[in-house]
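Chemist: This structure is in structure tokens; I'll ask about it shortly.
Read-outs: derived from the displayed coordinates by stated rules, not from any lab. Being a predicted model, the structure only gives us computed values, none of them experimental. Here Cβ is always computed from backbone atoms with ideal geometry, including for glycine, and neighbour counts include all displayed protein chains.
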Amino acid sequence: MDSPHQFLSPASWKPPRGYANGVAASGRMVFLGGMVGWTGDQIFQADDFVGQARQALGNIVEVLAEAGGRPEHIVRLTWFVLSRAEYLASLPELGRAYRETLGRHFPAMTLVEVSALVEARARLEIEATAVIP
């Protein structure tokens with residue numbers, strides 16, 4: 001999947017894997033609130049980390065489409081997780097779920113471990129920023 005944006009990484013730095021150090025973009029900016037792993041009817045169909053991540057990423061794609069956007073327009077993802085250890089333990093399966101949902105598009109990303117989320121059943125919440133050229 002080609003991106004309409006410029007990925008930024010100093011030539012002297014080790015290339016990032018699974019994320020970008022920075023992204024330069026111009027166009028219509030779209031800001032998505034935190035998405036948890038429930039359906040559009042606010043029903044959790046999974047309690048595991050990867051299942052909820054897959055749903056949250058799918059929710060991002062669905063809301064972004066309302067603005068005419070696609071996954072390759074995402075320039076930033078901020079992940080809030082309840083457990084860093086759970087995130088790290090799930091990386092192989094999470095990577096597959098990510099690529100199935102967003103393709104091989106890796107924007108600037110931040111992951112933060114938090115003590116709680118508003119939705120008690122949520123294992124994670126993901127915010128997204130997109131720029132549609």
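Chemist: Compute the acute angle (0 to 90°) between the alpha-carbon long axis of helix 91-102 and the principal axis of greatest extent of the alpha-carbon atoms of the chain; round to the nearest 10°.
Modeler: 70
Chemist: Can you list which of the GluC sites (Glu not before Pro) found in segment 1-100 are DSSP loop residues with at most 12 other C-beta atoms within 10 Å?
Modeler: Working: sites: 62, 66, 72, 86, 93, 100; in loops: 66.
Passing sites in segment 1-100 are 66.
Chemist: So which trypsin sites (Lys or Arg not before Pro) in segment 33-116 end up in coil per DSSP with only 15 or fewer other C-beta atoms within 10 Å? Let's see the in-between values first.
Modeler: Numbers: sites: 54, 76, 84, 96, 99, 104; in loops: 104.
When the trypsin sites (Lys or Arg not before Pro) of segment 33-116 are filtered for loop state and at most 15 Cβ neighbours within 10 Å, 104 remain.
Chemist: Quick query: amide H of residue 22 versus all other amide H atoms, modeled in the peptide plane; which residues come in under 5 Å with a sequence gap of 5 or more or a different chain?
Modeler: 8
Chemist: Right, something else. How high is the relative contact order of segment 39-133, in percent, with contacts defined as C-alpha pairs under 8 Å that are six or more residues apart?
Modeler: On the way: 129 pairs, mean separation 41.2, N = 95.
For segment 39-133, the relative contact order is 43 percent.
Chemist: Put a dot 7 Å past each Cα toward the Cβ at residue 127 and residue 41; how far apart are the dots in nm?
Modeler: 3.0
Chemist: Further question: Once Rh for the chain is found with the Kirkwood sum over Cα pairs, what is the Stokes-Einstein diffusion coefficient at 4 °C and 1.567 mPa s, in µm²/s?
Modeler: Values: Rh = 15.1 Å.
The calculation lands on 86 µm²/s.
Chemist: Here is a follow-up. How large is the helix-only mean residue ellipticity at 222 nm for the chain, computed as the sum of -39500 (n - 2.57) over DSSP H runs with n ≥ 4, divided by its residue count, in deg cm²/dmol to the nearest 500? Intermediate values should be presented prior to the final figure.
Modeler: Numbers: 3 runs with 35 residues, N = 133.
That comes out to -8000 deg cm²/dmol.
Chemist: Looking only at the chain, where both bridge partners belong to it, what percent of the DSSP beta bridges are antiparallel (to the nearest 5)?
Modeler: Numbers: 17 of 24 bridges.
In the chain, approximately 70 percent of DSSP beta bridges are antiparallel ones.
Chemist: Using 7 Å Cα-to-Cβ label points, what is the residue 83/residue 115 separation (nm, one decimal)?
Modeler: Spacing of the two 7 Å Cα→Cβ label points: 1.9 nm.
Chemist: Using only the alpha-carbon atoms, how far is helix 49-65 inclined from the longest principal axis of the chain? Give it as 0 to 90 degrees, nearest 10.
Modeler: The angle comes out near 50 degrees.
Chemist: Right, another one. First select every other residue whose beta carbon is under 10 angstrom from the beta carbon of residue 79; then total the charges, Lys and Arg +1, Asp and Glu -1. Don't jump to the answer; show the numbers that get you there.
Modeler: Details: positive: none; negative: 113, 125, 127.
Once positives and negatives cancel, what remains is -3.
Chemist: Give me the mean projected area, in nm² to one decimal, of the convex hull enclosing the Cα positions of segment 89-133.
Modeler: Values: hull surface 18.2 nm².
Mean shadow area of the hull around the Cα atoms is 4.5 nm².
Chemist: Count charges around residue 20 for me, please; just the other residues with Cβ under 14 Å from its Cβ, Lys/Arg as +1, Asp/Glu as -1.
Modeler: Details: positive: 14, 17, 76, 104; negative: 72.
Local charge sum for residue 20: +3.
Chemist: When a footprinting reagent is the concern and you count Cβ atoms within 10 Å, what order do 35, 109, 29 take, fewest first? If you can, show how the numbers build up before the last one.
Modeler: Details: 35 23, 109 16, 29 12.
In order of increasing Cβ crowding within 10 Å: 29, 109, 35.
Chemist: I need 78, 129 ordered by Cβ neighbour count within 10 Å, fewest first.
Modeler: Ranking 78, 129 by Cβ neighbours within 10 Å, fewest first, gives 78, 129.
Chemist: What list do you get for 88, 124 if you sort them by fewest beta carbons within 10 Å?
Modeler: Working: 88 11, 124 24.
The most exposed by this proxy come first: 88, 124.
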